[in-house]
Each structure stands twice: as C-alpha cells, then as structure tokens.
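Novice: Below you'll find the structure I mean.
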C-alpha cells in the first residue's frame, strides 16, 4: 500500500499514543476506545501489578473508528513515522466494529466480550448561560455545539440516535447539516481533549458527551455544569463497550491475561471510580 494510502493519525492526537517509543517492541499492544483515556493509566498500572512478568506495554486511546482503520490497513502514519505494530487487544463502543473485524478475518465470529457501559449527557459552562434545558434546545440557531465527528467517533452515532429520539430526522438535519453550514455545529479532531479547551475559551455553549466526561471534568474542577437528557434519551441501554483479542495478536498469552483482567472485578472497580457502569453478566 503506498504511504499516501495509510490512515493518518493527526499530530494533535500524540497524547493518545502511550509509550510510543516502545510501540514496535512492546510485549503487549492495546488499542483501547479513546473515551476511556482518563481511566487507562490506572487500568494499565493495576494490570502491571497483577502481571509483573509482562514488560513494555504500548496503548492507544484513539477513537475506535480511527484505530479500526489502522488495523484494517495494517498500519498508520503519525507525523513522519509509519507505525506497523499489530494490536493484541482492541476495544470499541460499537458491536459493528467487532463485526467488521470478524468480516476482515481478524477475529472469529462473535469472539468478543461486552465489558462496560456508559450513557450520554450534555456538558455546559458553569451556570448554563445559554439556558439549555433539553436536547431539542441544541437545534436553536444561536446555540454553538462542540460535536464529535461521526467518521471517527463512536459517540457521534449514539448522539445522532439521541437527536432522532428527541426531535426526529428534522433535528438531526438541523444540527448536522444546517447548523454545521452556519458554523454553530463545530466538529472536533480530538473530541475528548478539545472539549475542555472550548469550555475554557468560551467558543461553545454545549457539548454532548459521555457521562464519564462530566465526571472527569468535575474531578479536574473545570467550570462546568450538566444537563441530563433523561433516561429515555441518554442511550444507557445502547452504549456497550466490547473488547477482543485479535487472531494475529503478536503476544497471545499476554493478550489473554489482559482480556481476563479487564473483565475482572478489580478492573471493573477502577472503571466505576471514573463514572463508568460496570458490566455484570
């Protein structure tokens, strides 16, 4: 494949490539859904304690869609470097992504596990100056929305479902087409990292986010408030995290140990501290 055809990891996403210097020599390579970024350092640290025999660990917290493209292409370009490492583990907030891996021969059919849950919420600046009370308020012409890109972010598809349930296709078109053209729906490149910046500089009025992002922002004492869409709209019954070990995992034994760990009560307790809903089979 010519280099121009490799997926490109934006320079702005460098913070999502952890232990990059060991990417191609690591003893375990993890491609983890990016919205877990706030919990992953603790997850990896606890895993190291449980499996001290495993040496170098490289992990990504890129959007699952971006990581999936990397897997399917066999690599990606970051800055001037071609990254060719094969992941041992991949996770996503989309069962469709797992099916795509299966269709491409990277995992056996249905060889993936449900391990975590989340829900949607609306993050607003402290005091909610735009007076947003409901999901339908995002259709107001003056409301500036910081929005994830459906091309890369699994959350975007759940957000679109929330719009449909709140206001039908009219609301989806209003927000994703009309307001995007008008410049009041503002797409992001690094959603979970750009959103806090937009809070600080006042360039957006609302951010549809994972509920865990609210939890994380509050832990950092950011000046935010929350508008909850309500249980009927927040997609809590639809937002499931899936994890798999690839058939081509270069470190299958280490991958299996991590897979067992992430399903354990110890890992689930760590996720719960960050606002995730543990999976209870």
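Novice: Just the number, please: Stokes-Einstein D of the stretch 1-71 in µm²/s, Kirkwood Rh from C-alpha pairs, 4 °C, 1.567 mPa s.
Specialist: Reported coefficient: 99 µm²/s.
Novice: Right, another one. With a 10 Å cut-off between alpha carbons and a GNM built on the chain, which of 82, 220, 138 moves the most?
Specialist: Taking springs between Cα atoms under 10 Å, the residue moving most is 220.
Novice: In a Gaussian network model over the chain where Cα atoms closer than 10 Å are linked, find which of 139, 183, 75 has the largest mean-square fluctuation.
Specialist: Result for the chain, Cα springs under 10 Å: 183 fluctuates most.
Novice: Taking the Cα atoms only, what angle lies between the long axis of helix 252-262 and the longest principal axis of the chain, rounded to 10 degrees?
Specialist: The angle comes out near 40 degrees.
Novice: Which whole-percent values make up P(r) of the stretch 128-281 when all C-alpha to C-alpha distances are grouped in 5 Å steps starting at zero?
Specialist: 2, 8, 15, 19, 18, 14, 9, 7, 5, 2, 0
Novice: If each residue's Cβ is checked for other Cβ atoms within 10 Å, how do 5, 247 rank with the fewest at the top?
Specialist: 5, 247
Novice: Fewest first, what order do 117, 170 take by the number of other Cβ atoms within 10 Å?
Specialist: Ranking 117, 170 by Cβ neighbours within 10 Å, fewest first, gives 170, 117.
Novice: Return 131, 154 ranked ascending by Cβ neighbour count within 10 Å, so the fewest neighbours appear first.
Specialist: Taking fewest neighbouring Cβ atoms as first place, the list is 131, 154.
Novice: Let me ask another. Provide the convex hull volume over Cα atoms per residue for the stretch 168-230, in Å³.
Specialist: With only Cα atoms used, the stretch 168-230 gives 98 Å³ per residue.
Novice: Can you give the direction-averaged projected area of the convex hull of the alpha-carbon atoms in the stretch 61-183, in nm²?
Specialist: Its average projected convex-hull area is 10.3 nm².
Novice: Between helix 64-73 and the chain, what is the angle of the helix's C-alpha long axis to the longest principal axis, kept within 0 to 90° and rounded to the nearest 10?
Specialist: 40 degrees
Novice: Follow-up. To the nearest 500 deg cm²/dmol, what mean residue ellipticity at 222 nm is calculated for the chain from DSSP H runs of n ≥ 4 alone, each contributing -39,500 (n - 2.57), summed and divided by the residues?
Specialist: -10500 deg cm²/dmol
Novice: Taking the Cα atoms only, what angle lies between the long axis of helix 37-50 and the longest principal axis of the chain, rounded to 10 degrees?
Specialist: Orientation of helix 37-50: about 30 degrees from the principal axis.
Novice: How would the stretch 126-202 be classified by its alpha-carbon gyration tensor: rounded, prolate or oblate, with rounded meaning a/c under 1.5 and the a/b versus b/c comparison settling the rest?
Specialist: Here the stretch 126-202 falls in the oblate category.
Novice: Would you mind putting 100-113, 231-244, 28-41 in packing order, based on average other-beta-carbon counts within 10 Å, highest first?
Specialist: My ranking of the peptides, most packed first, is 28-41, 231-244, 100-113.
Novice: At each listed q (0.11, 0.20 Å⁻¹), what is the log10 of I(q)/I(0) that the Debye formula gives for the stretch 1-150 modelled as equal alpha-carbon point scatterers?
Specialist: The Debye formula, applied to the Cα set alone, gives -0.55, -1.29.
Novice: If I build a Gaussian network model for the chain, linking alpha-carbon pairs within less than 10 angstrom, which residue out of 250, 229, 129 has the largest mean-square fluctuation?
Specialist: With Cα springs under 10 Å in the chain, the top fluctuation among 250, 229, 129 is at 129.
No value in this document is a laboratory result; all are computed from the given coordinates. Small disclaimer: the values here were computed from a predicted structure and weren't measured. Here Cβ is always computed from backbone atoms with ideal geometry, including for glycine, and neighbour counts include all displayed protein chains.
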